Amino acid sequence: MSEHAPSLKLYVGIWITLMICTGLTVWAAFVDLGHMNTAVALSIATFKAILVVLYFMHVKHAHERMTKPVIISGFFFLLLLLGLSMADYTTRLLM
Amino acid sequence: MADSPVAVAHGPELRHHFADVEQQRDAASLGMWLFLVTEIMFFGGMFCAYLVYRYWYFGDFGAASKTLDIRLGATNTAVLICSSLTVVLAVWAAQNGKRKMLITNLVLTIVLGLTFLGIKAVEYAEKFEKHHVPGATFHFEGTVPGHPDLPANANHAEMFFSLYFALTGLHALHMIIGIGLFSVLTVLAWKGHYTPRYYTPIENAGLYWHFVDIVWIYLFPLLYLIDRH
Amino acid sequence: MATAVITPERENYLNQEYGIKSWLLTTDHKRIALLYLLSITFFFFIGGFFALLIRLELLTPAGDLVHADTYNKLFTMHGMVMVFFFLIPVVPAVLGNFLVPIMIGAKDLAFPRINLLSWYLYMIGGALILHCMLTGGVDTGWTFYTPFSTAFTNTKIIEAGLAAFVAGFSSIFTGLNFIVTIHRMRAPGMTWSRQPLFIWAMYATSVIMILGTPVVAVTIVLVAVERLFHLGIFDPNLGGDPLLFQHLFWFYSHPAVYIMILPSMGVINEIITCFSRKRIFGYNFVAMSSIGIAVLGFLVWAHHMFVAGISLYSALVFSALSYLVAVPSAIKVFNWTATMFKGNISFTTPMLYAFGFLGLFTMGGLTGLFLAALGVDVHVTDTYFVVAHFHYIMVGGVLMGYLGGIHFWWPKISGRMYPEAWGRLSALIIFIGFNLTFFPQFILGYMGMPRRYWQYPAEFQVLNVLSTAGSTVLGVGYLLPMVYLLWSMRYGKPATDNPWNAAGLEWKTSSPPPTFNFDQTPVVDFEAYDYEHIKEAEEVPVG
Amino acid sequence: MSSLIFTLILVFAAKYRKRHGHQAEQIEGSTPLEIVWSVIPLCVFIVIFVWGAVIYFHERTPPRGAAEVYVVAKQWMWKLQHQEGQREINELHVPVGRDVKLIMTSQDVIHSFFVPAFRIKQDVLPGRYTTVWFRATKPGVYHLFCAEYCGTQHSGMIGWVTVMEPAQYQAWLSGGGATGSLASTGQAIFEQLGCSTCHRSDVQGRGPNLVGLFGKKVQLEDGRMVTADENYVRESILVPGAKVVSGFKPIMPVFQGLVSEDQLAALVEYVKSLNAPAGAGGTKVQESKVH
């Protein structure tokens, strides 16, 4: 519902980027980066997700002011769930 | 999922309790986003389980992950990304009052969604054949990646497949709901329900579909690409 | 009875339409609130009946009234019904539904049909749990701990889980509706800082509903698929961690406590200000403490697991964080007390309930501090101390707030006054009965009586008898309001638009309000709790 | 603090009760006051937290040299095995004034070992060991409860802890029908299962030498370091591939489902006993008898 109508060209451009990123993920998975493999894969996934959220889901030009805070708080609480649970699992063996 | 985003939408006319169209639209959009936040947390619980066990049993998870077909997984990722494009084109068409383009893209989305589910079904069938479905008949042999003489623990591999089925199953369920939604929307679009003034259901169903796409964008590397090198 | 205090009945939401269909298909938030009121009261008495049976069994040390399995099912069903079908929806779905749109000057909630859907989901969940009870019930405790729930019990876990799952979506949609409504539907001039604090409380509650409920929903799904399809996610035989279930479960179920208590805190704000004839002391701090509780409430869940086998370090972190969430609660209590300072306090029924709330909540909160202290928790967790603690918060806190609210807004809801003398009497009976029931349980717990015990060593009997005696008093106390409120619907004195001479938009419309709440959309040009500018009534009407 | 609030509420309620013609005095609020009553409770809370945390830390850290008792919980009974070989059900005898460490696991669901008089409680989980310790200071008989709901007879899963004078305790020990120390039982199982063919103490076998292993840091095949505690030994018997010691091949068969929890306790105790100076099982028993 953005006031500036997003162009079809932009959509196709994002789509091509997403496809390239998918190829990149697969390629990167077969390169030995040690422990960095997971980090790289997740970074690419996050980049793709951000593209989809900003452009395909029209968040970049969202009319509704609350959209961004809502999304950010969603991810914030997800990280809380993951982070505080892992706080237990990563420290159990230390005892 | 008990409810569908369609329920967020209202009749074409301005509903009595809203002051103006803009308020109505903003409310629908905010409502949809809040619903997606609950969806994030819904998948989040499963991701948390995945994270814990992957941290504990990294090697065994890697071994189990290797048996997944990376070509099918990557193809499905591409299929979903294409469907996201068709969805966004459908929304654009609705916005600009191009009914034919709207219907074409909605149908394309449904076709791509069904393709995804078809490929998923092929993968599930393969798991049944290989006895990789958790339960009494489960059987797994493999070695931990990077340690050719270290056999992977079959119990932990079974946990991986439990999570695999839970996560992809829940995702597939969302896909099915999404396809159902788009089928309804296609019929309504055919009847000319949507105008540039009123296309909230298309937009909200689109948001839902993109969300399901994003879940897969994460599932693909997390399930298929553990320790492949 | 019908002395002409007001002119012949105006058209309002109650008399606009008649017939079953006009209720079951209504999208009017006020009618949906009444639907909830009926169904939630029904479930309250079911849960209460189980509680009474539990107390009767515990009258004697031996397990002689019911069989052990029956007893286990009783406390499980008591917990499930009370938590999922009473405490979580009670204030938001009844008072919140009725008041949120009116208080902010809206015609209805943002999504009236989803609101109705929420009620139907609640009823479907309720029907499932009733069916589950009638066909065997569940015996895991409302907490569903694995691996007992996944691999050992033979009772109807899946059906009970489904009931909780469906009811969970009912509360998700309620929360979603409230948030959108509060953001998007406020009347002109109703800025955030002019909203009644009840609205802030409902907002904070809704945030928790939206963020927490899905996690418990998916946890229930995982338990169900583990039972149905033998997926092994919590199975220790496959190397699964039984504590993972507890992490996921408490991630929701601890914040759920704030879903229950925050709305009641909201009610207390309205009552105390009105009957002290004063502005709230420190509006911003009270409003922000609601939000603070909602956010911090998500950081403390593992304090339910200090002896469960979590790591020492995470126990330390969760204990420290638990104290942080106590600060906003303390701020609220101090502000309420300060609000009464130099006020002009009248002791009406709602105010008596508010006093009860303050006393019992403070008591519950302080014992919570003991439980959050790691060293003490080891001794008292999983004993009757915990049982007493959460009943002080949930029954003492939530129910006192709810009953206070029901009395306070009863004139608005029904258009009739309740009998004041009976109201005061029942408030007193409930307060006495409550303390008699639950205070002995603190001592029992400290002495070491574990919870969920069907039989117990003889030395605990005296306190158990006291507790059972108290519970009968409490039972009478709860029956009374139901009787006289029903009576008042027909025979009560007709209420004026603003019988308490209270501030707030809900008192500026008629009693009961018209279908769209206001004849004209109100424009708000006054601050919240503007008691300075409200003329003192000649006499507060006392029945 | 609570009494302060209750008093204030009562005083305000009485003092400012409704009077005709009297107006309430409007007060907007006071930020300094808010800060005061936020910060003071916070400080009090921090003190309580630290106090509680110190006790907890103490409770979760068993002292060295404690007598050890293996506890296996099942629906609905407690099975306890002393190092000296005594077995008990729903009863635990301990000497007064001696540190006792319990190493606990469950065969089925979660239970919780709760002795109110000792202020201890610890959940007992299936699939791993949890520990708790105490030192009884007064002879007597104390309640033992299961505190985590575990099914039908949860409230029947109770017993007694008997604290005895050391002399009496010795008498009780020698009076029991123990057939030899727990470690020696473990040694028998160790040989019966054929563990000793690979885990040899004289020369380097195909498996790691277990003498002196317990409590040491071990380097694993993937580079991680872990402490060889009870849970590590347990896991390495049941699922040997999980944490393979650096330099060894993962050839040990899986024993999950083949050894019972009782046998496992004996095996763990045997591995521990290999740390004793004489290097053979059973020395500890003699030591304690000498005292």
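Of B:ALA172, B:ALA166, which residue is of a type in the set (Gly, Ala, Ser), surrounded by fewer than 24 Cβ atoms within 10 Å (Cβ to Cβ) and closer than 27 Å to D:GLY241 by Cβ?
After applying the criteria, what remains is B:ALA166.
Residue under question is C:ILE40, and the condition is that it be more than 16 Å from the chain's Cα centre (by Cα), β-branched (Val, Ile, Thr) and part of a helix (DSSP H, G or I); does it hold?
No; evaluated as a whole, the condition is false for this residue.
Looking at C:ALA151 and the list (1) surrounded by fewer than 24 Cβ atoms within 10 Å (Cβ to Cβ); (2) not in a helix (DSSP H, G or I), which single condition is not satisfied?
Going through the list (1) surrounded by fewer than 24 Cβ atoms within 10 Å (Cβ to Cβ); (2) not in a helix (DSSP H, G or I), C:ALA151 breaks only (2).
Output yes when any residue across segment B:72-80 is over 16 Å from the mean Cα position of the chain (by Cα) and small (Gly, Ala, Ser), and no when none is.
Taking every residue of segment B:72-80 in turn, none turns out to be over 16 Å from the mean Cα position of the chain (by Cα) and small (Gly, Ala, Ser).
Output yes when any residue across segment B:103-111 is in a loop (DSSP other than H, G, I, E, B) and more than 24 Å from B:ASP227 (Cβ to Cβ), and no when none is.
Checked segment B:103-111: no residue is in a loop (DSSP other than H, G, I, E, B) and more than 24 Å from B:ASP227 (Cβ to Cβ).
I'm checking my understanding of the structure. Among residues of segment C:261-283 that are closer than 18 Å to C:GLU532 by Cβ and polar (S, T, N, Q), which one is nearest to the other protein chains (Cβ to nearest Cβ)?
Once the filter is applied, the top-ranked residue is C:SER276.
So if I check each of C:PHE390, C:PHE385, which one is surrounded by fewer than 24 Cβ atoms within 10 Å (Cβ to Cβ) and touching a residue at least 40 places away in the same chain (Cβ under 8 Å)?
None of the others qualify; the one that does is C:PHE390.
Since D:TRP133 meets every condition but one in (1) more than 9 Å from chain C (Cβ to nearest Cβ); (2) touching a Leu at 6+ places or on another chain (Cβ under 9 Å); (3) closer than 17 Å to D:GLU261 by Cβ; (4) buried (at least 20 other Cβ atoms within 10 Å of the Cβ), which condition does it not meet?
For D:TRP133, the failing item is (3).
Give me a count of the residues in segment C:301-317 that are facing chain A (nearest Cβ under 8 Å), out of contact with any Asp or Glu (no Cβ under 7 Å at 6 or more places or on another chain) and surrounded by 23 or more Cβ atoms within 10 Å (Cβ to Cβ).
1
Residues of segment C:374-419 being part of a loop (DSSP other than H, G, I, E, B) and under 29 Å from C:GLN441 (Cα atoms), which ones?
Hits for segment C:374-419 are C:THR381, C:ASP382.
Listed here are the residues, each with its yes/no results for (1) under 17 Å from A:VAL52 (Cβ atoms); (2) free of Cβ contacts under 8 Å to residues at least 12 places away in the same chain; (3) within 18 Å of the chain's Cα centre (by Cα).
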| site | (1), (2), (3) |
| --- | --- |
| B:ILE179 | no, no, yes |
| B:LEU188 | no, no, no |
| B:TYR199 | no, no, no |
| B:ILE217 | yes, no, yes |
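Going by the conditions given, is C:MET417 surrounded by fewer than 23 Cβ atoms within 10 Å (Cβ to Cβ) and within 23 Å of C:SER467 (Cβ to Cβ)?
no
Being farther than 30 Å from C:LEU128 by Cα and over 23 Å from the mean Cα position of the chain (by Cα) is the filter here, so list the residues in segment C:156-199 that pass it.
The answer is C:HIS183, C:ARG184, C:MET185, C:ARG186, C:ALA187, C:PRO188, C:GLY189, C:MET190, C:THR191, C:TRP192, C:SER193, C:ARG194.
For residues that are closer than 23 Å to C:ASN115 by Cβ, within 12 Å of chain B (Cβ to nearest Cβ) and touching a residue at least 24 places away in the same chain (Cβ under 8 Å), tally how many sit in segment C:175-202.
Residues flagged as closer than 23 Å to C:ASN115 by Cβ, within 12 Å of chain B (Cβ to nearest Cβ) and touching a residue at least 24 places away in the same chain (Cβ under 8 Å) within segment C:175-202 amount to 12.
A quick yes/no check of all residues on (1) out of contact with any Asp or Glu (no Cβ under 6 Å at 6 or more places or on another chain); (2) crowded, with 20+ Cβ neighbours inside 10 Å; (3) more than 14 Å from chain D (Cβ to nearest Cβ); (4) of a type in the set (Asp, Glu):
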residue: C:PHE439; (1), (2), (3), (4): yes, no, no, no
residue: C:VAL476; (1), (2), (3), (4): yes, no, yes, no
residue: C:THR496; (1), (2), (3), (4): yes, no, yes, no
residue: C:ALA502; (1), (2), (3), (4): yes, yes, no, no
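If a residue has to be assigned to a loop (DSSP other than H, G, I, E, B) and away from chain C (no Cβ under 11 Å) to count, how many in segment B:137-160 make the cut?
So the count comes out to 12.
With the condition kept exactly as written, say whether any residue in segment A:24-43 is more than 7 Å from chain B (Cβ to nearest Cβ), in a loop (DSSP other than H, G, I, E, B) and aliphatic (A, V, I, L, M).
yes
For the structure I just gave you, tell me whether C:GLY297 is facing another protein chain (nearest Cβ under 8 Å), more than 18 Å from D:PHE6 (Cα to Cα) and either in contact with a Phe, Trp or Tyr (Cβ under 6 Å, 6 or more places away or on another chain) or in contact (Cβ under 8 Å) with a residue 12 or more places away in the chain (or both).
no
In the list C:MET351, C:MET288, which residue meets the criterion of being within 11 Å of chain D (Cβ to nearest Cβ), touching a Cys at 6+ places or on another chain (Cβ under 9 Å) and assigned to a helix (DSSP H, G or I)?
None of the others qualify; the one that does is C:MET351.
Quick check on this structure: which one of D:ALA53, D:ALA24 is under 44 Å from the mean Cα position of the chain (by Cα) and buried (at least 16 other Cβ atoms within 10 Å of the Cβ)?
D:ALA53
On the given criteria, is A:LYS9 facing chain B (nearest Cβ under 7 Å), in a helix (DSSP H, G or I), closer than 19 Å to B:THR86 by Cβ and basic (Lys, Arg)?
Here the answer is no, as A:LYS9 does not meet what is asked.
Which of the following residues is part of a helix (DSSP H, G or I) and in contact with a strand residue (DSSP E or B) (Cβ under 9 Å, 6 or more places away or on another chain): B:ALA74, B:ALA94?
Exactly one of B:ALA74, B:ALA94 is part of a helix (DSSP H, G or I) and in contact with a strand residue (DSSP E or B) (Cβ under 9 Å, 6 or more places away or on another chain), namely B:ALA94.
For segment C:420-455: of the residues being part of a helix (DSSP H, G or I) and of a type in the set (Phe, Trp, Tyr), which is farthest from C:PRO499 (Cα to Cα)?
C:TYR446
Counting only residues that are within 28 Å of B:PHE128 (Cβ to Cβ) and of a type outside the set (A, V, I, L, M), which one in segment C:211-234 is farthest from the other protein chains (Cβ to nearest Cβ)?
Here the residue is C:ARG227.
For segment B:40-71, which positions are over 28 Å from A:ARG92 (Cα atoms) and at the interface with another protein chain (Cβ under 7 Å from one of its Cβ atoms)?
B:ILE70, the sole residue that qualifies.
Checking C:PRO419 against (1) under 27 Å from C:SER253 (Cβ atoms); (2) more than 14 Å from chain D (Cβ to nearest Cβ); (3) over 22 Å from the mean Cα position of the chain (by Cα): exactly one of these is not met. Which one?
Going through the list (1) under 27 Å from C:SER253 (Cβ atoms); (2) more than 14 Å from chain D (Cβ to nearest Cβ); (3) over 22 Å from the mean Cα position of the chain (by Cα), C:PRO419 breaks only (1).
Given (1) touching a residue at least 40 places away in the same chain (Cβ under 8 Å); (2) in contact with a Pro (Cβ under 7 Å, 6 or more places away or on another chain); (3) farther than 24 Å from C:VAL267 by Cα, where does C:LEU466 come up short, assuming only one miss?
Of everything listed in (1) touching a residue at least 40 places away in the same chain (Cβ under 8 Å); (2) in contact with a Pro (Cβ under 7 Å, 6 or more places away or on another chain); (3) farther than 24 Å from C:VAL267 by Cα, C:LEU466 misses just condition (1).
Can you find even one residue in segment B:5-15 that is of a type outside the set (D, E, K, R), modelled with pLDDT of 90 or more and not in a loop (DSSP other than H, G, I, E, B)?
no
Being among the polar types (S, T, N, Q), away from chain D (no Cβ under 14 Å) and closer than 26 Å to C:HIS78 by Cβ: is that true of C:SER467 here?
Yes, satisfied.
The values are calculated or read from the model by the stated rules, or taken from the named source; none is laboratory data. Because the structure is a prediction, the values reported are computed rather than measured. Glycine gets a Cβ as well: all are built from the backbone with ideal geometry, and neighbour counts include every protein chain shown.
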